[in-house]
Amino acid sequence: MLTAIIDYESGNLHSAEKAFQRMAQELDAGTVVVTSDAEVVAKADRLVLPGDGAFPACAAELRGHKGIYDAMIEAVEQKGRPFLGICVGMQLMATTGHEYSETAGLDWIGGDVVKITPSDPALKVPHMGWNDLVIDHPHPIFAGISSGDHTYFVHSYHFRVQADAERLAHVDYGGDVTAVIGRDTMIGMQFHPEKSQDVGLQMIGNFLNWAP
């Protein structure tokens, strides 16, 4: 089994690569590679799309790497390969992003990415640090995970999901903030699983074992 972490020059890949490789080795879940090669993306058994920075810049970089982009779209939309978006990689799964300018997303999960506006003015934006997951809907990605487990966030915008069934988990930060989304063969995590210690590693392992 081959898991491809997509390198489109918009993600901090080193820590993600190490975490995924560690769990693949522990679970005997095949090989993990970081790649900017469209042929590798096309043949991968599962795909991971990280993302750091602003939504418009990440969207432009992803679409600018046309070979990778086309291979990813075909793998997910036509071949049904398991897909995981992380941080802005998750946000790109939305219909539209509203950071700086209105920018089209992949429209895999209906909804908009909007600025976090906590009801408590004492809560700072960006939402940065550890927060407690609240699991809204059961999913194999949560095997061994419970509401109250901590994950690590760094973001100023969040995914306002249209369909309740596609928001799998949230956290409270002066209001609900989407933490995990999913449908069919697609999963997205707003937090950084590679920085979320044992909980994050468990979820990475769950993704590598997931057979939708």
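The values are calculated or read from the model by the stated rules, or taken from the named source; none is laboratory data. Everything numeric in this text was worked out from a predicted model, so none of it was measured. When we count neighbours, we look across all protein chains shown, and the Cβ atoms used for this are built from the backbone with ideal geometry, even at glycine. What goes into the accessible areas is simple: the full protein's heavy atoms, side chains included, and nothing from ligands, DNA or RNA. Shrake-Rupley method; radii C 1.70, N 1.55, O 1.52, S 1.80 Å.
Take the residues of region 125-165 that are charged (D, E, K, R) and open to solvent by 60 Å² or more (accessible area, probe 1.4 Å): which is nearest to Pro193 (Cα to Cα)?
Here is the first cut: in region 125-165, the ones charged (D, E, K, R) are 132, 136, 149, 160, 164.
Narrowing the set further to residues that are open to solvent by 60 Å² or more (accessible area, probe 1.4 Å) leaves 132, 160, 164.
Numbers: Asp132: 13, Arg160: 20, Asp164: 23 Å.
Filtering region 125-165 for residues that are charged (D, E, K, R) and open to solvent by 60 Å² or more (accessible area, probe 1.4 Å), the one nearest to Pro193 (Cα to Cα) comes out as Asp132.
Filter region 30-52 down to the residues that are closer than 14 Å to Asp7 by Cβ, part of a loop (DSSP other than H, G, I, E, B) and of a type outside the set (Asp, Glu) and list them by number.
Ser36, Ala44, Pro50, Gly51
When both residues are 6+ apart or on different chains and their Cβ atoms are under 7 Å apart, which pairs have a first residue that lies in region 75-96 and is closer than 18 Å to Phe207 by Cβ, and a second that is open to solvent by 10 Å² or more (accessible area, probe 1.4 Å) and part of a helix (DSSP H, G or I)?
The qualifying pairs are Ala75/Ala42.
Could you tell me whether any residue of region 19-26 is free of Cβ contacts under 8 Å to residues at least 40 places away in the same chain, open to solvent by 10 Å² or more (accessible area, probe 1.4 Å) and over 18 Å from the mean Cα position of the chain (by Cα)? Don't jump to the end; show me each part of the working.
Step one: filter region 19-26 for residues free of Cβ contacts under 8 Å to residues at least 40 places away in the same chain, giving 21, 25.
With open to solvent by 10 Å² or more (accessible area, probe 1.4 Å) added as a condition, the list becomes 21, 25.
Among the residues that remain, those that are also over 18 Å from the mean Cα position of the chain (by Cα) are: 25.
Within region 19-26, one or more residues are free of Cβ contacts under 8 Å to residues at least 40 places away in the same chain, open to solvent by 10 Å² or more (accessible area, probe 1.4 Å) and over 18 Å from the mean Cα position of the chain (by Cα).
Has region 131-150 got any residue that is within 27 Å of Thr103 (Cα to Cα) and either assigned to a loop (DSSP other than H, G, I, E, B) or at pLDDT 95 or above (or both)?
Step one: list which residues in region 131-150 are within 27 Å of Thr103 (Cα to Cα), which gives none.
Within region 131-150, not a single residue is within 27 Å of Thr103 (Cα to Cα) and either assigned to a loop (DSSP other than H, G, I, E, B) or at pLDDT 95 or above (or both).
Got at least one residue in region 62-78 being touching an Asp or Glu at 6+ places or on another chain (Cβ under 6 Å) and open to solvent by 10 Å² or more (accessible area, probe 1.4 Å)?
The first filter runs over region 62-78 and keeps only residues touching an Asp or Glu at 6+ places or on another chain (Cβ under 6 Å), leaving none.
Looking for residues that are touching an Asp or Glu at 6+ places or on another chain (Cβ under 6 Å) and open to solvent by 10 Å² or more (accessible area, probe 1.4 Å), one finds none in region 62-78, hence no.
Cβ-Cβ distance below 8 Å, separation of 6 or more or different chains: which pairs start in region 150-170 with a residue that is among the β-branched types (Val, Ile, Thr) and end on one that is open to solvent by 40 Å² or more (accessible area, probe 1.4 Å) and part of a strand (DSSP E or B)?
Sorted first by the residue in region 150-170, then by its partner, the pairs are Thr151/Trp130; Val154/Met128; Val161/Arg167.
Conditions (1) over 24 Å from Thr3 (Cα atoms); (2) in contact with a Phe, Trp or Tyr (Cβ under 7 Å, 6 or more places away or on another chain); (3) of a type in the set (Gly, Ala, Ser), marked per residue:
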position	(1), (2), (3)
Leu133	yes, no, no
Ile145	no, no, no
Asp149	yes, no, no
Tyr157	yes, yes, no
Tyr173	yes, no, no
Ala179	no, yes, yes
Ser196	no, yes, yes
Phe207	no, no, no
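Can you report the number of residues in region 1-18 which are closer than 17 Å to Trp210 by Cα and either without any contact (Cβ under 8 Å) to a residue 40 or more places away in the chain or of a type in the set (Gly, Ala, Ser) (or both)? Don't jump to the end; show me each part of the working.
Kept after step one, since they are closer than 17 Å to Trp210 by Cα, are these residues of region 1-18: 1-5.
Subsequent filtering for residues that are either without any contact (Cβ under 8 Å) to a residue 40 or more places away in the chain or of a type in the set (Gly, Ala, Ser) (or both) retains 4.
So the answer is 1.
Report whether or not Ala122 is surrounded by 12 or more Cβ atoms within 10 Å (Cβ to Cβ) and not aromatic (Phe, Trp, Tyr).
Values: surrounded by 12 or more Cβ atoms within 10 Å (Cβ to Cβ): no; not aromatic (Phe, Trp, Tyr): yes.
Answer is no for this residue.
Looking at region 33-45, which of its residues are in contact (Cβ under 8 Å) with a residue 40 or more places away in the chain and either touching a Phe, Trp or Tyr at 6+ places or on another chain (Cβ under 7 Å) or open to solvent by 80 Å² or more (accessible area, probe 1.4 Å) (or both)? Before you say what the answer is, go through the steps one by one.
If we filter region 33-45 for residues that are in contact (Cβ under 8 Å) with a residue 40 or more places away in the chain, which is where we start, we get 43-45.
Of everything in region 33-45, just one residue is in contact (Cβ under 8 Å) with a residue 40 or more places away in the chain and either touching a Phe, Trp or Tyr at 6+ places or on another chain (Cβ under 7 Å) or open to solvent by 80 Å² or more (accessible area, probe 1.4 Å) (or both), namely Lys43.
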